[in-house]
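Notes follow the structure.
The values are calculated or read from the model by the stated rules, or taken from the named source; none is laboratory data. These numbers were taken from a predicted model, which means no experiment stands behind them. Virtual Cβ from ideal backbone geometry, glycine too; neighbours counted across all protein chains shown. Accessible surface is based on the protein model in full, side chains and every heavy atom, while ligands, DNA and RNA are left aside. Shrake-Rupley method; radii C 1.70, N 1.55, O 1.52, S 1.80 Å.
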Amino acid sequence: MKIQTVEQLKEFSQLFNTSLDKQEKKVLVCAGTGCVAGGSIEIYNKLKKLIESRGLLVGVELTEEKQGIGLKKSGCHGFCEMGPLVRIEPYGYLYLKVQVEDCEDIVETTLMKGQPVERLMYRWKEKTYATQEEIPFYKKQTRLVLENCGHIDAESIQEYIAKDGYKALAKALHEMKPEEICKLISDSNLRGRGGGGFPAGKKWSQVLAQNSDIKYVVCNGDEGDPGAFMDRSIMEGDPHRMIEGMIIAGFATGSCEGYIYVRAEYPLAVERLRIAIEQAREYGILGKNILNSGFDFDIYINQGAGAFVCGEGSALTASIEGNRGMPRVKPPRTVEAGLWGKPTVLNNVETFANVPQIINKGSEWYKSIGPEKSPGTKAFALTGNVNNTGLIEVPMGTTLREIIFEIGGGIKDNKKFKAVQIGGPSGGCLTEEHLDLPLDFDSLKKVGAMIGSGGLVVMDEDTCMVEVARFFMNFTQNESCGKCVPCREGTKRMLEILEKIVAGKGVPEDLDLLLDLADTISSTALCGLGKTAAFPVVSTLKYFKDEYLAHVLEKRCPSKTCQALKCIEINKALCKGCSKCTRVCPVNAIEGKIKEPYTINQQKCIKCGACLQSCPFSAIEEV
C-alpha cells in the first residue's frame with residue numbers, strides 16, 4: 001500500500017480517522033520499557049483473551065470500518081512511578097499499578113458497563129482522580145512532543161497518519177522550498193534538545209549552503225545520561241514523529257540519506273524504529289519520489305555499543321563509520337565534514353520531533369511557548385527522592401519549584417529538599433536558592449549548570465553531596481575515551497581525591513587541588529565530555545563546601561552515608577547487656593559481659609549495621 005500523492009495522504013487520514021471512531025472504546029496498555037518490565041505485555045494478552053471471549057472484535061485494522069474494542073500497545077504514558085498503566089477511552093480513565101488479576105474487573109466493569117474501577121485510580125491526599133487529565137502530575141504539563149505517547153498504538157503508522165501524521169512533510173515537499181524551511185526553523189528559534197542548545201535552523205542552513213553532492217541527516221538517539229529516558233520514550237512511543245522530522249531535514253538540506261544512532265541497550269526502541277521504518281517504506285513515505293515530489297530519502301538504524309562519549313557528534317559519526325567512537329579536533333565541524341567526511345545535520349530525537357508541529361503551525365506559534373530565547377517545551381526524566389517520578393514535558397522557563405513540588409508531588413516522606421542534579425553527569429547541582437530559577441538554556445548557564453538531555457535527579461536531606469560528586473566523576477572517568485590527556489588523566493586524579501575524601505583520608509589541600517584540576521580539564525579537554533566532567537564537583541564544592549569540610553576536617557559524613565565515616569556506638573544507659581548484638585556481629589567487634597553494657601571496638605567495626613537491627617532496646621545508634 002503506497003501513498004503516492006498529497007491527496008491520497010488526506011484520503012487515508014480521513015479513512016483511518018473514521019475507522020478509529022468505530023472503536024467506541026479504546027484500551028491503551030503502556031508498552032514502554034518500564035511498564036513492559038512490570039508485566040504490561042501479560043496484561044495486554046489477558047485483556048485480549050477476555051475481550052474476545054465475550055464475542056467482541058479486538059485490534060481491528062483501520063482499513064476496515066468495523067466496530068470493536070481498540071486494544072493497543074501504546075508508548076510510555078509518563079507516570080512511571082505508577083506503572084503498569086492502562087488508559088481507557090473515551091472516559092479518560094487511567095488505571096495504575098495494574099496486575100493481570102485486575103483485567104477481569106476492567107473488562108466487566110469498564111468495558112462492558114462503562115463504570116470506573118476506582119481502586120485502580122490515582123489517589124492523593126484523600127482525593128480520587130477520575131481522569132488522567134485531572135491528575136496533578138499531568139495537569140501541570142504541556143505535552144507537545146509527547147502528545148501521542150500513551151494515546152496511540154506505538155506500532156501503527158495508520159494511527160499516526162490519522163493524527164495528521166506526515167501532513168507537515170507533505171506541506172514541506174509541495175509548498176515550501178528548502179531555504180524557506182530552514183528560515184522557518186531559524187525564525188522559530190528551535191534550539192537543539194541534546195544539551196548544547198545550538199539553533200537548529202542555523203545548523204540546517206549551514207548544511208544547505210555546503211557545496212556537496214552527498215549530505216547526511218543523523219539522529220542522535222544515544223542518550224547516555226544516567227536516569228535519562230526522554231529520547232527512548234519518543235522512539236518507543238511515537239517513532240514516526242521523529243522520522244517525519246528527519247525527512248523534512250533531509251529535504252531542507254539536500255540530503256537523501258539518514259541514520260538513527262541508538263544504543264543497543266534500547267532493544268524496544270530499536271524494534272519500534274524498525275517497524276516504523278518498514279511501514280514508512282511500505283506506504284511510500286520513505287524511498288523514491290516521496291509523495292510524488294521528486295525527492296528521495298531513506299533511513300537506516302545504527303546500533304551503538306553504549307559508550308557515553310558517542311553522544312558527542314564527531315565520536316558518534318566515527319562510530320557509524322565503523323571506527324572507534326572518539327571525538328576529533330574541530331574544525332572542520334560536522335556541518336562541513338561529518339559522516340564520511342560529508343556535510344551532516346546532527347540533531348537529537350527530541351529536536352527532530354519538534355519539527356512537524358513547527359511546519360504545521362508556524363514559528364510564531366512555537367515562540368509563544370516559553371521564553372523568547374528558549375521557546376518551546378522540554379521533556380525531562382524526573383527521578384530521585386520525589387513522590388511522582390516519570391517522564392514529563394513542560395514549557396521552557398518552568399521553575400524547579402513547579403516541577404518538583406507540583407508535578408513531582410514534593411519530596412518523599414516529607415523530607416527536606418536539598419538539591420537537584422540537572423544535565424546528567426556533565427551537569428551541576430542546583431539548591432534551594434535556585435528553586436524559582438526558570439529552566440532554560442541561558443538561565444542555567446549563568447549559574448554554572450546545563451539542561452543537558454533533560455535528566456533531573458532530586459535529592460533530599462539525607463543525600464551526601466560529596467558522594468554524589470564521586471558517583472558522577474566515577475561514571476565520567478569510566479566513560480572517557482582516553483584520547484586526550486586532560487580528560488583521561490585529570491578525571492582519574494579527581495576521582496582518586498574524591499574517593500580519598502569519602503574514605504575519611506582527605507586533607508584540606510585536596511579541595512583546592514580539585515578546583516585546580518577542574519579548571520585545567522575544562523579549559524583543555526578535547527570534547528564536551530571532558531569540558532563539563534568537573535561540573536558536579538565544582539557545583540557541590542560551591543554550594544555544599546561545609547559537607548566537604550566535615551569529611552576532611554572532622555572525618556564525619558553529615559548525612560551518615562559514607563561507609564568509612566560511619567561511627568556506630570552503644571548507649572550504655574540503654575544497653576541491658578542481652579548480648580544479641582554480639583551474636584550478629586561478623587567481626588566480633590562488640591565486647592563486654594552479659595547483663596552489663598557492651599562496647600564496640602571501633603578499630604574492628606566494619607560499620608555493617610547488623611547490630612543496629614538486632615538490638616531490641618534501640619541502644620545502638622549511628623553518631
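No other residue among 118, 108, 101 is acidic (Asp, Glu), in contact with a strand residue (DSSP E or B) (Cβ under 7 Å, 6 or more places away or on another chain) and free of Cβ contacts under 8 Å to residues at least 60 places away in the same chain apart from 118.
Annotation: of all residues in the range 562-579 being at pLDDT below 90 and in a loop (DSSP other than H, G, I, E, B), the one that is surrounded by the most Cβ atoms within 10 Å (Cβ to Cβ) is 566. Residue 393 - would you say it is closer than 24 Å to residue 538 by Cα and acidic (Asp, Glu)? Here the answer is no, as residue 393 does not meet what is asked.
May I ask you to verify whether residue 345 is more than 21 Å from the chain's Cα centre (by Cα), under 30 Å from residue 142 (Cα atoms) and modelled with pLDDT of 95 or more? Considered against the rule, which asks whether it is more than 21 Å from the chain's Cα centre (by Cα), under 30 Å from residue 142 (Cα atoms) and modelled with pLDDT of 95 or more, residue 345 comes out as yes.
Residue-by-condition table, conditions (1) surrounded by fewer than 24 Cβ atoms within 10 Å (Cβ to Cβ); (2) among the hydrophobic types (A, V, I, L, M, F, W, C); (3) over 30 Å from residue 35 (Cα atoms):
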| position | (1), (2), (3) |
| --- | --- |
| 214 | yes, yes, yes |
| 220 | no, no, no |
| 243 | no, yes, no |
| 246 | no, yes, no |
| 253 | no, no, yes |
| 256 | yes, yes, yes |
| 259 | yes, no, no |
| 263 | yes, no, no |
| 266 | yes, no, no |
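Looking only at residues of the range 288-312 that are in a strand (DSSP E or B) and open to solvent by 20 Å² or more (accessible area, probe 1.4 Å), we find that the one that is nearest to residue 1 (Cα to Cα) is 298. Among strands (runs of 3 or more DSSP E) entirely within the range 1-117, having at least 2 residues that are out of contact with any helix residue (DSSP H, G or I) (no Cβ under 6 Å at 6 or more places or on another chain) and either surrounded by fewer than 17 Cβ atoms within 10 Å (Cβ to Cβ) or at negative phi (or both) singles out 25-30, 69-74, 86-89. Of the residues 466, 458, the single one that is touching a Leu at 6+ places or on another chain (Cβ under 8 Å), crowded, with 17+ Cβ neighbours inside 10 Å, more than 26 Å from residue 374 (Cα to Cα) and in contact (Cβ under 8 Å) with a residue 40 or more places away in the chain is 466. Only one entry of 228, 209, 200, 264 meets the criterion of being closer than 27 Å to residue 427 by Cβ and at pLDDT 95 or above, and that entry is 200.
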